[in-house]
Amino acid sequence: MNILVTGGAGFIGSNLIDELVIDNKVICVDKLNYGMSNINHLLNNENFKFFGIDVTDYDALNEIFLNHQIDMVYHLAANSDIKQGVFGSEIDFKDTFLTTKVLLDVMKNNNVKNLFFSSTSAVYGDKKEVLNELTPDLRPVSYYGGAKLASEAFISSFTAMCDMNVVIFRFPNVIGKRLTHGVIFDFINKLKNDPKKLEILGNGLQCKPYIYVSDLVDAIIKLTKNIKPGIDIYNISVIGNGTTVNEIADIVVDEMKLENVKYEYTGSDRGWKGDVPKFSYDITKVLKTGWKPNYNSNEAVRKTVKDVLGE
Ligand SMILES: NC(=O)c1ccc[n+]([C@@H]2O[C@H](COP(=O)([O-])OP(=O)(O)OC[C@H]3O[C@@H](n4cnc5c(N)ncnc54)[C@H](O)[C@@H]3O)[C@@H](O)[C@H]2O)c1
């Protein structure tokens, strides 16, 4: 297949491409927020091509579709740092929503029907119940979650209007090698700067499921192999409990072999405005497909800390 991956130079996109290039021709488009380091190793691979474009640039994206027969698109380009919302809604409007809208227009124009979309638990908002794909009344509390939900809505309308075949995953927190942001990344950087104290946003009791990136990539590839007409949405996560921020701090300190680190909390039940401090997923639907994650949440955290320290 000829596959196009948006955001392919990022953390998850580059891990996905590493698997896709084994059997497919892959075109990666990315505006390189984090540079080329995640894809440098692919540049000599004859199954791989890179275009440094902004996905919201209709003409640049359309040109790539006109020059290549694309069979399937994996759309991962987005602002991935929810905290950026404190500076305003523009970044999520453009990088999280408009990338989706422009991509859909270009796909329609070129009669490309197959799409995978990386959505998020943030579309649900701050809910107490265990979340499944049919949980009603989605009320995002971050611009990022709003832009992802708006993307899902546009994808739904394009699917109906243009007879598309779509798989959507609502990712939880995804971690692993080449991580570009998030609590593990922040803790390691803070402790490298000052190994005696660690500032923890919120009260440390925030608790979320963390999935290891190779488990996620396995599921994406498995569930997009026989993509069907309409939209199929999956909550994807680990089996068992999530990991608290305090547990993450302990694992990072342990793996960095530090002692007597003073934790300093900024207070409140959440790390920042727009954060959802606790959520858990019902993943019955995805488990019924036969996919199963190899790591639970705490194992994924420890493995990621080792990865990041080893990079
Ligand atoms: N990492 C997570 O925990 C997580 C959780 C839920 C959903 N997601 C979603 O998964 C996808 C990948 O996330 P990630 O963690 O790999 O993030 P990432 O930031 O590492 O990768 C995203 C890539 O998209 C690119 N990009 C952003 N805007 C662009 C634009 N306008 N044009 C072209 N390229 C653009 C960036 O340069 C970056 O390389 C994103 O859509 C993100 O919202 C991630």
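Each value in this text was obtained by applying a stated rule to the coordinates, not by laboratory testing. In this text, all values refer to a predicted model and were calculated from it rather than measured experimentally. No Cβ is skipped: glycine too gets one built from the backbone with ideal geometry, and neighbour counts run over all protein chains shown.
Computed quantities for the displayed model
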| quantity | calculated |
| --- | --- |
| Cα-Cα pairs of the chain separated by more than 35 Å (percent) | 17 percent |
| Between segment 217-291 and segment 1-34, the alpha-carbon center distance in angstrom | 22 Å |
| With 5 Å bins from 0: P(r) over segment 245-290, alpha-carbon pairs, percent | 5, 14, 16, 15, 13, 14, 12, 7, 4, 0 |
| Taking the C-alpha atoms of segment 27-127, convex hull volume expressed per residue in Å³ | 121 Å³ |
| Extension gain (nm, one decimal) between M1 and M36, 0.36 nm per residue minus Cα-Cα | 10.2 nm |
| At R0 = 41 Å, FRET efficiency that the Cβ-Cβ distance of E63 and W272 yields, to 0.05 | 0.60 |
| Segment 1-67: equivalent-ellipsoid semi-axes (sqrt of 5 x gyration tensor eigenvalues, Cα, Å) | 18, 15, 9 |
| Within segment 110-144, trypsin sites (Lys or Arg not before Pro) in DSSP loop having at most 13 other beta-carbon neighbours inside 10 Å | K128 |
| Segment 89-140: C-alpha gyration tensor shape, a/c 1.5 cut-off, then a/b vs b/c | oblate |
| Crossing angle, helix 183-193 versus the chain [Cα axis fit, 0-90 degrees, rounded to tens] | 50 degrees |
| Directionally averaged projected area (convex hull, Cα atoms, segment 162-201), nm² | 4.8 nm² |
| Paramagnetic label zone (point 7 Å from Cα along Cα-to-C-beta, E129; backbone N under 19 Å) in segment 149-179 | 170 |
| Cα-based radius of gyration of segment 189-311 once divided by 2.2 N^0.38 Å, which approximates compact folds | 1.25 |
| Helix-only [θ]222 nm of the chain, DSSP H runs n ≥ 4, -39500 (n - 2.57) each, per residue, nearest 500 | -10000 deg cm²/dmol |
| Separation of the S156 and N294 label points, Cα + 7 Å toward Cβ, nm | 3.6 nm |
| Kirkwood Rh in Å, taken over all unlike Cα pairs in segment 76-183 | 14.7 Å |
| Packing-based order for 129-142, 171-184, using average beta carbon neighbours within 10 Å, highest first | 171-184, 129-142 |
| N45/K190 FRET efficiency (R0 41 Å; Cβ-Cβ; nearest 0.05) | 0.70 |
| Cα-based reach from K108 at 18 Å (exclusive), listing lysines while leaving out same-chain residues under 8 positions away | K228 |
| Segment D250-N110, length gained on full extension (0.36 nm per residue, minus Cα span) | 45.3 nm |
